[in-house]
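Contents: one structure, followed by commentary.
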Amino acid sequence: MHRFALDFERATGRAPRQSRWLAHDLDALGLMPIAEAWSSPAPLVDDDAATGWEYVMAGSSLGARYLVRAVRRLGHTGERGARFLERHGASEDWREVQHRLSAVDTADAARLARMIDGARDAFTHVAACLARGADPANEEHVL
Ligand code: HEM
């Protein structure tokens, strides 16, 4: 998720937020934060594609609200291991993206297609990031 957050922030030009929370968690758990964007996606020049990426990141805060409950039961806190899930889940990002989407003219098929392509690209990128994180040959996290 840290890898995706870094790449998301690079692609959308958003200020680093999720990546900083995740870096804090990794550090608190004795894991090495990733130093830089992994695949270095080019910054998105298309605002609609960026909205698609933002839909995916903001939507993941819904899962974070759910996951943080289980992570707290394991003893993690905002200071130790659960900062990302706590702050991401409590953020206004999802409401903000929904608000922006509600203003989109749904008859504008070209615009919708650009947003959907952006969201699909972001989901594909999430999958690639998670696959790399799960690869035992990839030991870049271990301190
Ligand atoms: C980076 C992308 C995303 C990741 C890594 C992610 C991950 C997860 C995970 C791990 C769960 C918990 C599944 C479980 O254990 O049952 C979850 C739940 C959920 N996710 Fe996602 N998700 C992402 C994007 C999204 C998006 C885009 C949406 C909606 C627009 C979304 C909506 C939800 C909802 C509604 C839940 C269930 C929450 C509940 O049961 O209370 N997620 N997600």
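Any read-out appearing in this document is the output of simple, stated calculations on the displayed coordinates, not a laboratory observation. Predicted, not measured: the structure shown is a model, and the values here were computed from it. Using ideal geometry, Cβ is built from the backbone for each residue, glycine included, and neighbour counts are taken over all protein chains shown.
Restricting the stretch 15-29 to residues that are out of contact with any Gly (no Cβ under 8 Å at 6 or more places or on another chain) and not in a helix (DSSP H, G or I), the residue that is surrounded by the most Cβ atoms within 10 Å (Cβ to Cβ) is Arg17.
For the stretch 1-56, a residue qualifies if it is basic (Lys, Arg) and touching a helix residue (DSSP H, G or I) at 6+ places or on another chain (Cβ under 8 Å), and the qualifying residues are Arg3, Arg14, Arg17. Among the residues of the stretch 56-84, the ones that are touching a residue at least 24 places away in the same chain (Cβ under 8 Å) and either under 12 Å from the mean Cα position of the chain (by Cα) or within 24 Å of Asp121 (Cβ to Cβ) (or both) come to 9 in all.
Among the residues of the stretch 31-54, the one identified as of a type in the set (Asp, Glu) and within 16 Å of the ligand (Cβ to nearest atom) is Glu54.
Residues checked against (1) of a type in the set (A, V, I, L, M); (2) more than 11 Å from the ligand (Cβ to nearest atom):
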residue	(1), (2)
Phe8	no, no
Leu29	yes, yes
Val56	yes, no
Thr106	no, yes
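Filtering the stretch 49-77 to residues that are polar (S, T, N, Q) and touching a His at 6+ places or on another chain (Cβ under 8 Å) leaves Ser60, Ser61.
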